[in-house]
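Here the structure comes first, spelled out in structure tokens, and everything after it is commentary.
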Amino acid sequence: MTADTARHATAQAQAGQPLLQVRDLRVYYHTPRGAAKAVDGVSFSLEPGERLGLVGESGSGKSTIALSLMRLIKPPGVIEGGEVLLGGEDLLAKSEEEMRQVRLAGVAMVAQGAMNSLNPVKRVREQILDGLADHGQPIAKRAVADTLGALLRSVGLKPEVAGMFPHELSGGMKQRVVTAIAISLRPKVIIADEPTSALDVVVQRQIMDTLLRVQQDLGAAVILIGHDMGLMAQFVTRLGVMYAGKLVELCPVQAIFDEPLMPYSQLLIASLPSLTKKGELRGIPGLPPSLLDRPTGCPFRARCPHAFDRCAVEEPALRELRPGHWAACHLY
Amino acid sequence: MANTSVNFPTPTLASPHARDRTAPQALLAYCRRNPQLVIGAAMLLGLVLVGVLGPFFVDPKQAQPLSAPTAQPPSRQYPLGTDDYGRNLLAVMVTGLPLTLRIGFLAGALGLLVGTFLGFVSGYLGGPVDAVIRTLVDTSLTVPGLLILITIAASIKGFISVNIMALLIASLAWRQPSRTVRAQVLTLRDRGYVQVARRSGLSTPEIIVKELLPNLLPFLAASFVGAVSYAILASIGLEALGLGPQNDPTLGMTVYWAISFSAPLRGLWWWWLPPIVAVVILILGLLLLTMGLDEIANPRLRRAA
Amino acid sequence: MPIGYLVRRVMQFFIVLWGAATLNFFLPRLAPGNPVRDRLLSQASQGGLLQSGVEEMVRAYNAEFGLDKPLWVQYGRYLYHVFQLDFGFSIANYPAKVLPMITAALPWTIGLLVVSSCWAFVIGTLLGALAAWPRAPRFFRYLIGPAMALSAIPYYMLSIVLVYLFAVTWPIFPLSRGYSISRLPGFNLPFILDVLRHAILPGFSIVLAALGFWALGMRGMMVTTRGEDYVTFAEAKGLRDRRIFFSYGLRNAILPQMTAFAISLGTVVSGSVIVEAIFAYPGIGTLLLRAISASDYFLIYGIVFMIVLSIALATLAIDLLYPFLDPRISYRKA
């Protein structure tokens with residue numbers, strides 16, 4: 001990248017250009033029985049400092065999106081097409097070495113299943129320093145203790161944790177270490193893929209508070225992936241709903257509770273237990289379609305209570321149905 | 001915080017079309033997916049055929065010394081040549097190969113039988129019995145078997161026959177199977193259907209025979225092949241040191257005689273090469289068979305690599 | 001280091017030694033035919049030894065075993081001697097004692113076996129790890145098949161083939177022995193080079209045959225490890241592939257290999273005994289083969305005991321060092 005295009009990119013970002021723009025992302029898993037379209041034409045954008053949530057059933061493609069933003073999709077998965085623009089630069093067009101530099105420094109990940117995300121035979125100190133060293137930012141020996149101490153304190157850990165092995169830490173502490181590693185190079189985007197799934201509720205809350213605080217300190221944007229609507233309501237500003245590899249609704253988080261447009265989102269909200277109305281816990285009847293032979297038309301129509309003729313023929317596009325509220329549905 | 005997570009069903013990648021196939025077609029398709037099994041079995045079958053069909057082509061009596069001119073290279077009359085004793089080496093191969101197979105299968109079967117019994121007892125009963133058996137197995141496994149066998153065989157050198165050889169090796173071949181079987185029994189013991197059988201009043205031997213054994217069959221098959229490989233390698237190792245049946249031309253003894261007469265240095269390649277090739281085919285065949293059986297016993301390993 | 005584990009592990013070490021010694025004591029007495037003394041005499045007459053030597057030996061053995069005493073007293077005395085590493089006289093080489101014969105051969109064996117076993121372990125482990133690493137050159141994946149086929153050949157058979165090819169057909173390397181007859185052993189460069197030249201063929205056959213075993217085991221472990229969350233997270237950290245491979249993948253996948261290495265040392269040693277015999281290498285294996293063909297029982301039992309001892313020591317050492325390799329293992333659990 002020349003200095004000229006760099007300046008251009010910065011200028012664009014400053015001119016209200018979104019920080020991260022995903023356009024028509026498609027990720028297929030090639031199986032002996034054909035391609036499973038795990039992510040099939042997803043587009044969204046992220047403003048600096050914004051917190052975006054992605055919810056959906058397991059297998060709806062939300063974790064695949066997280067991995068493809070870091071370009072960590074492994075065979076038989078392939079990123080078939082689309083663009084991922086970070087500050088105007090297409091990550092999908094970068095060389096492997098350029099992409100490696102972007103990981104952690106540009107886009108960092110707080111991994112799913114963070115309980116096992118730390119190397120069991122290395123001390124916390126080494127695992128943090130590894131990331132710095134491989135991005136050309138080794139720390140002088142004298143400064144190591146101070147830097148690590150400050151970093152660990154910022155996620156609510158004592159500096160002594162640096163000298164410990166992962167098996168000596170509790171689940172919540174491990175999650176904090178993973179968070180500390182993720183913010184160690186002050187990334188612009190943090191992807192948190194079900195960061196609290198293995199933790200108990202109290203610790204979940206503490207971890208989310210920590211994540212919120214470091215996000216605001218850094219001014220980083222966050223993509224939070226999960227299926228806990230309560231967590232989303234408290235943490236994110238905008239919410240995307242995934243279904244069968246597609247983004248079917250995208251709106252400010254309050255709007256999804258006030259007026260869900262897509263029938264799938266409606267059922268999702270209706271199935272939540274609530275403190276005020278004591279209803280039974282209802283699931284959504286039916287199963288999502290096979291990703292291998294996807295039916296024509298709307299992917300949700302087989303389970304949709306409002307499906308009509310057009311839904312079987314034509315696939316609905318994501319349209320802005322209310323100001324700032326996008327949904328893919330023929331009902332509107 | 002209330003538990004607000006939604007219970008999502010798991011999606012399925014399976015295609016809805018059930019595939020209809022006849023049994024032979026399914027077998028063929030399976031063989032294509034598990035080529036190790038087929039190739040391994042074919043290699044072993046080939047070796048067995050050498051022993052079965054060989055006597056129709058060559059007189060086994062020529063495996064005795066002084067039945068041919070000495071140290072002749074392969075010729076039309078003696079396709080594998082002859083050795084310093086004047087033995088027709090083709091006859092030696094035809095007689096010796098089945099003997100080595102017999103030692104392997106006999107010792108493997110005995111070892112598996114004892115090992116399975118101990119493994120079941122150890123795994124199913126648990127407690128002090130388990131502790132004693134486990135200590136015995138673990139401790140003896142740290143001692144290299146070949147050394148124990150050398151000690152024993154050296155003491156009874158003049159008395160070794162093919163069957164004694166098999167017994168001798170079986171005395172060590174039970175250790176590994178007992179370990180594998182014990183581990184498998186432990187995982188099976190607490191499964192639901194075994195618990196149900198126990199509650200419904202079946203006796204311990206009944207549970208072992210009716211519930212556990214059928215589920216262990218693939219494992220036992222794999223263990224058997226493993227025990228046979230161990231036995232064959234051990235017998236050949238002992239024989240190559242001269243500690244085998246002195247009057248029988250097993251593969252290992254043939255190699256031993258070739259070494260003691262410096263056949264490799266004198267260029268008599270036809271003396272030592274055929275038994276080595278036979279051993280390699282044998283061991284490779286058993287190895288492939290084990291891998292193929294492992295895939296049946298442990299489908300989760302499939303496509304792991 | 002918790003005392004309980006240490007005591008248990010050291011006790012296991014002594015149980016193994018005791019078992020080996022006991023086997024050596026009772027086997028000659030259980031074997032069909034004559035007891036030790038008669039066998040000694042018949043052996044001596046076959047070997048044409050001087051009568052006086054035999055008488056002296058018989059007296060020595062009578063004194064040593066106290067053959068007139070009850071069996072358990074004999075057994076106790078025997079154990080007492082064995083734990084002083086006193087195995088008595090060599091029958092075939094009287095009045096040589098067994099222990100000095102073994103200690104003379106031991107450095108050759110350790111030099112050849114330990115060095116080539118370590119090479120086999122290092123090369124095989126790296127090969128297996130690279131074969132399972134997605135971003136490694138494809139080339140390594142194709143090497144696995146041949147390595148597996150080689151591992152199916154017993155060591156000693158591979159060495160026969162190597163001798164025939166590289167010492168008889170194309171005489172590049174010496175046929176046998178540990179050094180040239182014309183050279184005087186000494187600590188000087190020409191002699192060391194001569195020793196190395198003689199060690200290449202036997203060493204190579206051990207490395208070739210053992211390599212496949214390590215490669216296969218390591219590939220399996222690496223396939224498991226590369227799917228672990230911490231490897232994915234290391235990739236997400238943007239680490240260099242080399243660092244992920246070595247300190248995140250290999251470093252973890254190698255742990256089970258280390259235990260296997262300790263156990264396999266035994267197999268390697270006993271398998272290589274035959275390799276030595278083929279090359280007439282002046283080590284333990286050749287000594288053992290000669291002892292077997294001369295029915296030199298005390299030498300055989302002495303050698304077997306020494307090998308058992310060295311393997312037991314090696315496994316003990318690796319077991320005690322293991323927690324330094326894997327911080328998760330505290331001795332409490334093990």
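The values are calculated or read from the model by the stated rules, or taken from the named source; none is laboratory data. This is a predicted model, so every value here is computed, not measured. Reconstructed Cβ throughout: ideal geometry from the backbone, glycine too, with neighbour counts over all protein chains shown. To get the accessible areas, we keep the full protein, side chains included, count just its heavy atoms, and leave off ligands, DNA and RNA. Shrake-Rupley method; radii C 1.70, N 1.55, O 1.52, S 1.80 Å.
What the table below lists for this structure:
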read-out	value
One residue from B:PRO69, B:PRO128 being of a type outside the set (Asp, Glu) and not in a helix (DSSP H, G or I)	B:PRO69
The range B:31-66, residues that are open to solvent by less than 60 Å² (accessible area, probe 1.4 Å), over 21 Å from B:LEU284 (Cα atoms) and either assigned to a helix (DSSP H, G or I) or basic (Lys, Arg) (or both)	B:GLY54, B:PRO60, B:GLN62, B:ALA63
Odd one out for A:GLY136 among (1) outside any strand (DSSP E or B); (2) crowded, with 22+ Cβ neighbours inside 10 Å	(2)
Whichever residue in the range C:122-135 is open to solvent by 10 Å² or more (accessible area, probe 1.4 Å) and away from every other protein chain (no Cβ under 13 Å) and, among such residues, is farthest from C:PHE204 (Cα to Cα)	C:LEU130
Residues within the range C:193-247 that are within 30 Å of A:ALA111 (Cα to Cα), among the hydrophobic types (A, V, I, L, M, F, W, C) and within 10 Å of another protein chain (Cβ to nearest Cβ), tallied	8
Filtered residues of the range C:83-106 (kept if within 13 Å of C:ASP296 (Cα to Cα), open to solvent by less than 50 Å² (accessible area, probe 1.4 Å), modelled with pLDDT of 80 or more and not in a helix (DSSP H, G or I))	C:PHE87, C:ALA96
The listed residue being aromatic (Phe, Trp, Tyr), at pLDDT 85 or above and within 30 Å of B:TYR124 (Cα to Cα), out of B:TYR193, B:TYR256, B:TYR230	B:TYR230
Verdict on C:ARG37 being open to solvent by 20 Å² or more (accessible area, probe 1.4 Å), of a type in the set (Lys, Arg), at pLDDT 80 or above and assigned to a helix (DSSP H, G or I)	no
A:VAL178, sole failed condition from (1) of a type in the set (Val, Ile, Thr); (2) part of a helix (DSSP H, G or I); (3) within 17 Å of C:ARG328 (Cα to Cα)	(3)
Any hit, the range B:149-161, residues being modelled with pLDDT under 80, closer than 16 Å to C:VAL16 by Cβ, open to solvent by 10 Å² or more (accessible area, probe 1.4 Å) and at the interface with chain C (Cβ under 8 Å from one of its Cβ atoms)	no
Boolean, C:SER151 is over 22 Å from C:GLY283 (Cβ atoms) and within 11 Å of another protein chain (Cβ to nearest Cβ)	yes
Members of the range B:269-289 that are touching a strand residue (DSSP E or B) at 6+ places or on another chain (Cβ under 9 Å) and open to solvent by 30 Å² or more (accessible area, probe 1.4 Å)	none
Elements of type helices (runs of 4 or more DSSP H) in the range C:177-293, at least 3 residues being in contact (Cβ under 8 Å) with a residue 24 or more places away in the chain and open to solvent by 50 Å² or more (accessible area, probe 1.4 Å)	C:189-226, C:251-279
Odd one out for A:LEU54 among (1) among the aliphatic types (A, V, I, L, M); (2) modelled with pLDDT under 80; (3) crowded, with 21+ Cβ neighbours inside 10 Å	(2)
Set A:ARG103, A:ARG26: member being of a type in the set (Lys, Arg) and either more than 18 Å from the chain's Cα centre (by Cα) or open to solvent by 20 Å² or more (accessible area, probe 1.4 Å) (or both)	A:ARG26
Residue in the range A:179-200 that is away from chain C (no Cβ under 14 Å) and more than 19 Å from A:PHE235 (Cβ to Cβ) present	no
Complete set of residues in the range B:235-250 that are at the interface with chain C (Cβ under 10 Å from one of its Cβ atoms) and either within 19 Å of B:GLY51 (Cα to Cα) or open to solvent by 10 Å² or more (accessible area, probe 1.4 Å) (or both)	B:ILE236
